[in-house]
Amino acid sequence: SSWDRRRPPPHLEAPPATQNFIIPKKEIHTVPDMGKWKRSQVPVAYADYIGFILTLNEGVKGKKLTFEYRVSEAIEKLVALLNTLDRWIDETPPVDQPSRFGNKAYRTWYAKLDEEAENLVATVVPTHLAAAVPEVAVYLKESVGNSTRIDYGTGHEAAFAAFLCCLCKIGVLRVDDQIAITVFLLFATFPFPVMRKLQKTYRMEPAGSQGVWGLDDFQFLPFIWGSSQLIDHPYLEPRHFVDEKAVNENHKDYMFLECILFITEMKTGPFAEHSNQLWNISAVPSWSKVNQGLIRMYKAECLEKFPVIQHFKFGSLLPIHPVTSG
């Protein structure tokens, strides 16, 4: 774009004058509270969040992970932030403990993030938006798992998507030229290497896993966006993702196949047994049908489930109460 990189474009000179940033907090305490979330009108959290997910879904349609893209300064800073989290894992090795799961060293790692989150986010957010840092940083802290239970699940994944959504809302990420990058670079950088490294290193439990009925123990969004990448593929069909050879040959280009490869590395036994939902999906005739079905499933199994959404936090950028003007 034509504007000078050193200064923000005119519409981003300052946050909206009316914007009072607030520390996000939980608002859904009982099952009836779910109504507030599901009917939250535009520009409220549910509509904004799902809109963001669908915009990214559209942006990656038919694109390989390896396609050529220009990386903006903001994206470079985010990658550096994620690399810092990654380095901290190396500096915080698991401790010897009797129980196999939930290594307590994770709490040490998390404490460091808890302490440094605002400083990390401040490296990404320009100074004229510094007031937004404490609000945005909450979503980063929420996105890496729970330090009490040492678990990770789709609610944490949603917090990372919310983190990126907030950065779009304050203008740090500009949706236009960064859609595929947001998915490919950040989601492929974050849930894949960094989150998987956390999960493996500290043997994190799946949060609220539905066992064999869930799509995957830890992730959901890469399956949605990954199926969008494969829409109208000349030869790869949904039935191919249960074929080891097809997965091995194409996983570097397609997020969906990357997810499948990870599952087969982590789980033993017949695929139809350990990943029954995915096995069923492999029978769907087209990737666009898979994509539509996964979006419906994500809404029903993640966004509309109290155990997941009770942990979601709401602030000024993703509010639960309709914003009244005046």
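With the condition kept exactly as written, say whether any residue in the range 269-285 is within 25 Å of THR66 (Cβ to Cβ), assigned to a helix (DSSP H, G or I) and aromatic (Phe, Trp, Tyr). No, there is no match, as no residue in the range 269-285 is within 25 Å of THR66 (Cβ to Cβ), assigned to a helix (DSSP H, G or I) and aromatic (Phe, Trp, Tyr).
Looking only at the range 262-284, decide whether some residue is more than 15 Å from PHE220 (Cβ to Cβ), without any contact (Cβ under 8 Å) to a residue 24 or more places away in the chain and within 20 Å of the chain's Cα centre (by Cα). No: zero hits.
When the helices (runs of 4 or more DSSP H) confined to the range 33-132 are screened for residues that are at pLDDT 95 or above and in contact with a Gly (Cβ under 8 Å, 6 or more places away or on another chain), those reaching at least 1 such residues are found at 105-122. Put simply, of LEU236, LEU261 the only residue that is at pLDDT 90 or above and closer than 28 Å to ILE150 by Cα is LEU261.
Cβ-Cβ contacts under 6 Å between residues 6 or more apart (or on different chains), taken from a first residue in the range 117-128 that is of a type outside the set (Asp, Glu) to a second residue that is open to solvent by 50 Å² or more (accessible area, probe 1.4 Å) and part of a loop (DSSP other than H, G, I, E, B), are listed as HIS128/ALA14.
Residue count for the range 269-286 under the criterion of being within 23 Å of ILE231 (Cβ to Cβ) and exposed (fewer than 12 other Cβ atoms within 10 Å of the Cβ): the result is 3.
Close Cβ contacts (under 8 Å, 6 or more residues apart or on different chains) running from residues in the range 87-101 that are touching a residue at least 40 places away in the same chain (Cβ under 8 Å) and hydrophobic (A, V, I, L, M, F, W, C) to residues that are open to solvent by 70 Å² or more (accessible area, probe 1.4 Å) and part of a loop (DSSP other than H, G, I, E, B) comprise PHE101/ARG203.
The values are calculated or read from the model by the stated rules, or taken from the named source; none is laboratory data. None of the values given here were measured: they were computed from a predicted structure. Because the Cβ atoms are built from the backbone with ideal geometry, glycine has one as well, and the counts that use them run over all protein chains shown. The accessibility values were calculated without ligands, DNA or RNA, using every heavy atom of the protein model including side chains. Shrake-Rupley method; radii C 1.70, N 1.55, O 1.52, S 1.80 Å.
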